[in-house]
1. Once phi is turned into ³J(HN,Hα) by the Karplus curve 6.51 cos²θ - 1.76 cosθ + 1.60 with θ = phi - 60°, what whole-Hz value does each residue of the range 84-91 show in order, with x for glycine and proline?
2. Grab the range 3-229 and count how many Lys pairs have their alpha-carbon atoms under 19 Å apart, sequence gap of 8 or more, or different chains.
3. Just to compare against my own numbers: the Cα pair-distance distribution for the chain, 10 Å bins, whole % per bin, please.
4. What residue among 19, 218, 178 has the largest mean-square fluctuation in a Gaussian network model of the chain, using Cα springs under 10 Å?
5. With N set to the residue count of the range 1-136, report its C-alpha Rg divided by 2.2 N^0.38 Å to two decimal places.
6. Residues with amide H under 5 Å of residue 120's amide H, sequence separation 5 or more or different chain, H placed in the peptide plane at 1.01 Å from N; which?
7. Taking every pair of alpha-carbon atoms in the range 105-233, what share in percent sits in each 10 Å bin, from 0 to the bin with the longest distance?
8. Under unit Cβ charges (Lys, Arg +1; Asp, Glu -1), what dipole magnitude, rounded to 20 debye, does the chain have relative to its Cα centre?
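Each reported figure results from applying straightforward, stated rules to the coordinates on display, with no laboratory input. Predicted, not measured: the structure shown is a model, and the values here were computed from it. When we count neighbours, we look across all protein chains shown, and the Cβ atoms used for this are built from the backbone with ideal geometry, even at glycine.
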Amino acid sequence: MRIAGLQKLTLLDYPGQVACTVFTAGCNFRCPFCHNASLVLPGRIEGDDEAPEVLRFLEKRRGILDGVAVTGGEPLLHEDLPDFLRTVRAMGYRIKLDTNGSFPERLRAVVEEGLVDRVAMDVKNAPDRYAETAGVRMLDVAAVERSKNYLLAGHVDYEFRTTVVRGLHTAESLRDAAAWIAGAREYYLQQYRDSGDLLAPLGLGAYSGEEMRTLLDAVRPIVPSVQLRGVDE
């Protein structure tokens, strides 16, 4: 497994835990609003595998950090991810996994082995706009749906989240996305931000804080648990 980055301390990426964030390299999606283009595009990924260095860091931080958030890219793209998770788990850390949901069997396997404590799954958009939003023409939405259904069944603590982008999302598409995950325990609408390292930002933009609150009101009747995240006042 190729690790391309480490944030040594976060109070945001793993709710309720003092954690670090591990960034895996590579992704099978090409979301135009992706803010980690340097972790997604093969030609942009730099450096050697940092896994040994990350594990040494985690060994030294035992008893100081509570958890590890594993994000990407798409962590489940890596077949050897479970080996890394087993090593981290053996150190006593709680583990949160971020995923786009496109590897349902791998997601089920790491959950059923007890290798993750929380899963954050992106809900890119309404199902009929998924391929466009994910930047993959022949996207298998059925695979994403299996991951979504598995999480909804309550096998592990989880959240769903949608990064809301002007040019891709509307009140109607967000209501359709919410209907797709009806019954979700936690759902977050995240405000789009230009990180300066976007995949294909042309024609995209952010909704204002006021507009995000209007979109929240449109979704709440369908998924009452929905909240805003990272929204400017």
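1. 5, 5, 4, 5, 5, 4, 5, 7
2. On the way: 8/60; 8/96; 96/148; 124/148.
Total qualifying Lys-Lys pairs in the range 3-229 comes to 4.
3. Per 10 Å bin, starting at 0, the Cα pair percentages come out as 8, 33, 38, 19, 3.
4. Answer for the Gaussian network model of the chain: 218.
5. Working: Rg = 14.6 Å, N = 136, 2.2 N^0.38 = 14.2 Å.
For the range 1-136, the normalised Cα radius of gyration is 1.03.
6. For residue 120, the qualifying residues are 97, 98, 99, 159.
7. Reading the bins upward from 0: 12, 42, 35, 11, 0.
8. Working: 28 positive and 34 negative charges, 57 e Å.
Magnitude of the dipole: close to 280 debye.
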